[in-house]
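Report on one structure; see the data block that follows.
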Amino acid sequence: MVILDYICVLIVIKLFLKNELRLFLQDLVYFAGNYLNQEVPTLATILVVEDERPVCDLVRAYLEKNLFEVEIAFDGYEALKKSAETNFDLIILDIMLPKADGWTVCREIRKSSSVPIIMVTAKAEEFDRVLGLELGADDYITKPFSPRELVARVKAVLRRTQKAGQEKHEVLNYPHLTIDRTANRVEVAGQEAQLTPKEFELLWFLASHPERAFTREQLLEVVWGYSYFGDARTVDTHVRRLRDKLRPAGISYIKTIWGRGYKFEIKEN
């Protein structure tokens, strides 16, 4: 019986070491591949807002190994203070925070900044996702999440931001509407409109293809780069916000094509 127990212990140890070695090799290949990938943004500064220290440590480790600089805030007030003092390239924002929740933080940041925001939460209900998008979040990930997936989403958002900055100077002019892609600026009836990065990308794409209808799935693929939770209503949320911000122009630029999607057209009210 003692010999059998001994053999069982050896088998368990062997399987444990094998699994640990496998995970180590996977991480080694993953990080080496990212390091050699020329498209990975380097030295972008990211604010991680999370009150659970183990989660903070894990996210920080993965981001720093991908050459990102990381700042940490453990509550909503600290997040608002740091975001006001530093121009971060991206914010990873938990919803369930002490002092001020993530929704409040997102709402306050959006009053003065269009910095990309990825919201992280244990809540998976549709209402929470829609509310986050309504407040101006650019992406959403639910706990428990894969750190690799989070890093992939961060890189996708930053890649789009960097690409927009590298484009040649392009401006679209329509009646009472000017869209400057290089300056990332939109003027409606002579006044600057504050758009989130996703709103700007969506408006630019539609305005670049006037009178052409696109399905919600096509817009998700082009603007978001992937199917966001498989929910095409994300597009509806951003279109609704865009229409509100474009209303001073007096023209209904974004038209709903029933049964298909949306198109950009010039039609005075």
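The accessible area of M96, taken with all protein chains in place and a 1.4 Å probe, comes to roughly 110 Å². Report D for the range 38-121 in µm² per second (integer): Stokes-Einstein, Kirkwood Rh on Cα pairs, 20 °C, 1.002 mPa s. Calculated translational D: 168 µm²/s. Run the accessible area of the range 39-109 with a 1.4 Å probe and give the carbon-and-sulfur part as a rounded percent. On the range 39-109, the fraction of accessible area on carbon and sulfur atoms equals 50 percent. Taking a Cβ cut-off of under 12 Å around F88, the surrounding Lys, Arg, Asp and Glu residues balance to a net charge of -3, with basic ones at +1 and acidic ones at -1.
Rolling a 1.4 Å probe over the protein heavy atoms leaves K267 with an accessible area of roughly 120 Å².
The values are calculated or read from the model by the stated rules, or taken from the named source; none is laboratory data. Small disclaimer: the values here were computed from a predicted structure and weren't measured. A quick note on method: Cβ atoms are made from the backbone with ideal geometry, for glycine too, and the neighbour counts reach across all protein chains shown. Heads up: the accessible areas ignore ligands, DNA and RNA and are worked out on the full protein's heavy atoms, side chains in. Shrake-Rupley method; radii C 1.70, N 1.55, O 1.52, S 1.80 Å.
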